[in-house]
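Below: one structure, written as structure tokens.
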Ligand code: URA
């Protein structure tokens with residue numbers, strides 16, 4: 001392999017130049033081996049933050065992140081594989097319903113997931129509120145479960161794109177997380193290494209998402225769809241609104257309960273609508289001609305959910321943890337709900353104990369927020385807006401402070417917001 005000077009690579013990107021394939025290959029491998037200092041990689045990340053990466057640079061950068069680890073081999077399964085990634089929202093429990101639903105339609109869904117950080121929840125944290133459920137599977141166990149059950153939700157192994165973990169920690173402390181090429185390569189390297197044939201990306205945009213504008217969401221989605229397609233993964237992105245929480249439940253066990261309601265044909269209409277929209281894209285991508293609504297309504301998806309939980313040691317019939325303290329937050333006046341601030345609700349659930357500030361922090365299974373009103377609803381003074389769930393009073397008080405101004409009231413009826421914004425394909 002050619003040898004480069006890290007300072008020359010940083011200088012080239014700082015000055016708006018294009019890095020050669022060899023330079024990118026060298027610097028990522030050398031950084032992974034500990035031969036490029038953290039301060040040098042920090043400088044390069046900041047140069048990329050300001051000057052971006054060209055299409056070719058981004059493909060090579062992503063290739064090298066994939067090459068830093070193993071690739072899961074999902075070939076030879078009797079069903080086509082299709083996965084989903086969400087950029088993260090408040091009350092986003094879609095994976096819990098979607099993975100078994102798409103498996104019930106005939107595909108295999110390898111959902112290698114992460115934990116929540118900050119105001120957005122993590123799929124593994126939610127499922128870990130089910131007694132006995134285990135997030136850690138070997139690669140062989142993932143393959144076996146895909147063959148027998150059709151759906152797996154488990155922790156992404158440490159072996160997939162390991163250099164991403166080092167880079168992500170560094171980006172976190174150097175204010176370089178919010179870079180489209182760095183986010184895209186980080187997400188897509190792990191999904192490509194996972195070995196799925198097809199992928200749907202749920203790119204959230206709005207107050208409760210980490211992308212706030214439609215323009216940035218389109219750019220992120222287009223970049224990720226391009227990366228997936230260039231790497232042989234049939235990829236489609238769905239831009240979805242994340243201004244209000246998705247569904248009513250925000251918090252780990254609360255979201256599992258709501259997901260089961262949707263799997264049983266009940267539950268909030270927005271959760272059902274988004275799940276079915278993503279499921280239709282997923283089955284379409286792998287050429288399966290089945291209507292997901294039928295598999296949701298006839299109980300097949302719920303059957304697969306129960307098998308999926310059992311296969312990982314969980315008891316789908318177990319009573320989930322409940323909070324020691326519950327308190328209503330009531331409206332101070334009459335009015336029509338104009339908006340419910342997803343960010344405020346997400347921060348409140350986090351402060352109540354459902355989320356974590358650092359990767360190592362524990363989370364409460366029971367804590368969270370139930371949203372009791374919807375946008376467009378007419379309410380009266382004294383009516384409960386939220387029910388807060390906490391394990392102790394200190395958490396309750398913090399959660400309460402965060403949610404005080406989450407509901408905006410007016411006298412006019414609002415136009416209800418569109419959940420599905422647009423679809424991006426290559
Ligand atoms: N999720 C990731 O995996 N990486 C990012 O950079 C952002 C979100």
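Rule-based calculations on the coordinates, nothing more; no lab input. Bear in mind the structure is a predicted one, so any value in this text is a computation, not a measurement. All Cβ positions, even for glycine, are placed from backbone atoms using ideal geometry, and neighbour counts span all protein chains on display.
Highest mean packing comes first when the peptides 256-263, 299-306 are listed by Cβ atoms within 10 Å, giving 256-263, 299-306.
With n ≥ 4 as the cut-off for DSSP H runs, can you work out [θ] at 222 nm for the chain, using -39500 (n - 2.57) per run divided by the number of residues, rounded to the nearest 500?
Values: 16 runs with 183 residues, N = 426.
One gets -13000 deg cm²/dmol as the mean residue ellipticity at 222 nm.
For residue 269 and residue 35, a Förster radius of 56 Å and the Cβ-Cβ distance give a FRET efficiency of 0.55, rounded to the nearest 0.05. Using the alpha-carbon positions of region 1-110, Rg (one decimal) and Dmax (whole number) come out as 19.0, 53 Å. Take the Cβ atoms of residue 174 and residue 332, set R0 to 45 Å, and the FRET efficiency comes out at 0.60. Does anything in region 399-421 have its amide N under 17 Å from the 7 Å Cα→Cβ label point of residue 381, and if so which residues? The answer is 409-411.
Between residue 141 and residue 325, the modelled label-to-label distance comes to 3.7 nm, taking each label 7 Å out from Cα in the direction of the beta carbon. Expressed in units of 2.2 N^0.38 Å, where N is the residue count, the Cα radius of gyration of region 276-351 is 1.71.
The eigenvalues of the Cα gyration tensor, multiplied by 5 and square-rooted, give region 108-216 an equivalent ellipsoid with semi-axes of 26, 16, 15 Å from largest to smallest.
From the P(r) of region 325-410, can you give the percent of Cα pairs sitting at distances over 15 Å?
Details: 1968 of 3655 pairs.
So the portion of pairs separated by more than 15 Å is 54 percent.
With respect to the chain, whose longest principal axis is taken over its alpha-carbon atoms, helix 214-230 is tilted by about 50°. The angle separating the long axis of helix 162-173 from the principal Cα axis of greatest extent in the chain is about 70 degrees. Between residue 303 and residue 75, the modelled label-to-label distance comes to 3.3 nm, taking each label 7 Å out from Cα in the direction of the beta carbon. Max-minus-min Cα coordinates of the chain on each principal axis give 69, 46, 39 Å, with the largest extent listed first.
State whether region 6-52 is rounded, prolate or oblate according to the following rule on the C-alpha gyration tensor (a ≥ b ≥ c being the square roots of its eigenvalues): a/c under 1.5 gives rounded; otherwise a/b larger than b/c gives prolate, and the remaining case gives oblate. In terms of gyration-tensor shape, oblate.
Using the Kirkwood formula over every pair of different C-alpha atoms, what hydrodynamic radius in Å results for region 99-162? Show your work: numbers first, answer last.
Values: mean 1/r = 0.0800 Å⁻¹.
About 12.5 Å for region 99-162.
For the chain, the longest principal axis of the Cα atoms and the long axis of helix 300-311 meet at an angle of about 70 degrees. The label-point distance for residue 357 and residue 215, in a model that sets each label 7 Å from Cα toward Cβ, rounds to 3.4 nm.
Report Rg/Rh for region 208-304, rounded to two decimals, where Rg is the Cα radius of gyration and Rh the Kirkwood radius.
Details: Rg = 15.5 Å, Rh = 15.3 Å.
Rg/Rh for region 208-304 comes to 1.01.
Relative contact order of region 199-247: 54 percent, from C-alpha pairs under 8 Å at least 6 residues apart in sequence.
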